[in-house]
Structure formats: C-alpha cells, structure tokens
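Just so you know, all these numbers are worked out from the coordinates, no wet-lab data involved. Keep in mind that this is a model prediction, so the values were computed, not measured. Note that we place each Cβ from the backbone using ideal geometry, even for glycine, and neighbour counts take in every protein chain shown.
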C-alpha cells in the first residue's frame, strides 16, 4: 500500500547550511515518527517559499542516503502574509495496509497545522 506523509519546517535565514540542517532534521523526524525504511520511500516532493534561494533541499536528501527514488524541488506559490523561509515535504512510501501516519511540523511551521497540536 502506498502512503503519503506531509511535513514542514521553518528556517531562521536563507543559507545553504540552514537549508541542509532543516531539511535533514525534518526528513529524519518524518522517517522516525512514521517508522519508514529508506528503501520503502517511493518519492519525495520538496517545496520551498521563494525566499529560499541558496540550495535545493533534495541535494541534502541524497547526502542522507536517499538515492534510489525520485526527488523534486518546486517553489511554493506566493500568498501574502504566508510563513516565510519554509520548506515543505510530501513523502510517499510503501507500507502494510493500516499504517498510522504522523504528519510532522517543526518550528514556526507548526502554525500551518494547528489541528495537529
């Protein structure tokens, strides 16, 4: 069965180091909280607000060893007064039927899903 899990994290500033740290933190948390094997990941779509310009989040997923699946980085549409410096992830993976999903929102990105907190 194919499942999808969402997540988001906010950055303090637009730097390659911050993008790497945030991306890896969010991916690790999504994988750990949902007990996902890296080999079961079928696709990851990253989106970032237009103020993130120093690196592609997918680059850091590859450094984490996620090398067998397709990765895509896209830019979020601009919405006035939306959360700045935000990376979002849609991760698709295979698991047994009946899997419970935990969506992960960290930092200021928690305000995007107040229903989860």
Checklist entry - Taking the stretch 91-117 only, how many residues are out of contact with any helix residue (DSSP H, G or I) (no Cβ under 7 Å at 6 or more places or on another chain), outside any helix (DSSP H, G or I) and within 21 Å of residue 16 (Cα to Cα)? => result 0
Next on the checklist: I'm trying to understand the selection: among the residues of the stretch 103-117, which are in contact with a strand residue (DSSP E or B) (Cβ under 7 Å, 6 or more places away or on another chain) and either surrounded by 12 or more Cβ atoms within 10 Å (Cβ to Cβ) or under 18 Å from residue 54 (Cα atoms) (or both)?
Outcome noted: 103, 104, 105, 106, 107, 108, 109, 112, 113
Item to check | Matching residues, the stretch 82-97, being touching a residue at least 60 places away in the same chain (Cβ under 8 Å) and surrounded by fewer than 13 Cβ atoms within 10 Å (Cβ to Cβ) | outcome: 96, 97
Checklist entry - How many residues, within the stretch 34-51, are in contact (Cβ under 8 Å) with a residue 24 or more places away in the chain and either in a strand (DSSP E or B) or at positive phi (or both)? => result 8
Item to check | Among residues of the stretch 52-80, those that are in contact with a strand residue (DSSP E or B) (Cβ under 6 Å, 6 or more places away or on another chain) and part of a helix (DSSP H, G or I), counted | outcome: 3
